[in-house]
Amino acid sequence: MNINTDLQSSSRRQLILNEMQNLANNNIGCANCQGPCCTFEANSMQITVLEALEIIQYLNQNNRIDSKLIDKLKETIANYRLDAYQGTGKTTIRKSYTCPFFNETIRKCTISRQSKPIGCLGFNPIEPGITNGGSCKSNLELLKIRENDYLILEKELNAHLKDELGIFWEKAPIPVAVLEVLSASSR
């Protein structure tokens, strides 16, 4: 894989990261939350090939790609049946699952904000002091602005990556996407 997304990665996330910092400055953030948005209770996050590659680059830089990680991805896929397609042809039914990058002991994501999926970054509390995720939601207006700013770039990068890797899906659950991109890029 010879496409470098490092520079685009941080700039494409900056608007959302700024909003997260603004929330934190007002004592609103994920720091004290138990993380239900990352578990099967509320998580059905799907990501693009580009987002999967950014996670893989982060994992590579931190020497975290090993057989233990591959087993964890496969276990998550199997436990939540994420590889079993369910849908009507036009629409895929999203399945809930606990993200394999969520550390259940410390109740935190183990992927850096600069590499985390846009949808994960965009889902934040709107009230201080909530520890059960009860006040969390996406700032759809902010996400739309971000999407419009990078729509062409992301569309081109995803098309290139999908073609280069032989991947057909637009979005997939995080463990499916990461495992498939890892497998395709090692061929």
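Bear in mind that the values in this text are calculations on the coordinates, not laboratory data. Fair warning: this is a prediction, and the values are worked out from it, not measured in the lab. With ideal geometry, Cβ positions are generated from the backbone for all residues, glycine too; neighbour counts draw on all protein chains shown.
Tell me the mean residue ellipticity at 222 nm calculated for the chain from its helices only (DSSP H runs of n ≥ 4, each -39500 (n - 2.57), averaged over every residue, nearest 500).
Details: 6 runs with 89 residues, N = 187.
Mean residue ellipticity at 222 nm (helix-derived): -15500 deg cm²/dmol.
What ratio of Cα Rg to 2.2 N^0.38 Å holds for the range 6-185? If you can, show how the numbers build up before the last one.
Working: Rg = 16.1 Å, N = 180, 2.2 N^0.38 = 15.8 Å.
Expressed relative to 2.2 N^0.38 Å, the Cα Rg reads 1.01.
Which peptide among 119-126, 171-178 comes first, and what is the full order, when sorted by highest mean count of other Cβ atoms within 10 Å?
With the highest mean Cβ count within 10 Å placed first, the list reads 171-178, 119-126.
Of the GluC sites (Glu not before Pro) in the range 107-185, which ones lie in a loop per DSSP and count no more than 14 other C-beta atoms within 10 Å?
On the way: sites: Glu141, Glu147, Glu154, Glu156, Glu164, Glu170, Glu180; in loops: Glu170.
Filter output for the range 107-185: Glu170.
By per-residue mean of other Cβ atoms within 10 Å, what is the highest-first order of 53-59, 75-81?
Working: 53-59: 21.3, 75-81: 15.6.
Final packing ranking: 53-59, 75-81.
Only counting other Cβ atoms within 10 Å, I'd like Ile65, Ile28 sorted with the fewest neighbours first. Kindly include the intermediate steps, with their values, before the conclusion.
Numbers: Ile65 15, Ile28 18.
Ordered by Cβ neighbours within 10 Å, fewest first: Ile65, Ile28.
Please state the relative contact order of the chain as a whole percent: Cα pairs under 8 Å, 6+ residues apart? All intermediate terms of the calculation are to be shown ahead of the outcome.
On the way: 215 pairs, mean separation 70.4, N = 187.
Worked out over the chain, it gives 38 percent.
Please arrange Phe168, Phe40, Phe102 by how many other C-beta atoms lie within 10 Å of their C-beta, fewest to most. Present the calculation step by step, with values, prior to reporting the outcome.
Details: Phe168 8, Phe40 15, Phe102 20.
Exposure proxy ranking, most exposed first: Phe168, Phe40, Phe102.
Kindly put Thr39, Thr48 in sequence by how many other C-beta atoms sit within 10 Å of each C-beta, fewest to most.
Numbers: Thr39 17, Thr48 24.
Fewest to most other Cβ atoms nearby, the residues stand as Thr39, Thr48.
Convert each backbone phi in the range 59-65 into a coupling constant with the Karplus relation 6.51 cos²θ - 1.76 cosθ + 1.60 (shift: θ = phi - 60°), then list the ³J(HN,Hα) values in order as whole Hz, x for Gly and Pro.
Working through the residues one at a time gives 4, 4, 4, 10, 6, 10, 8 Hz.
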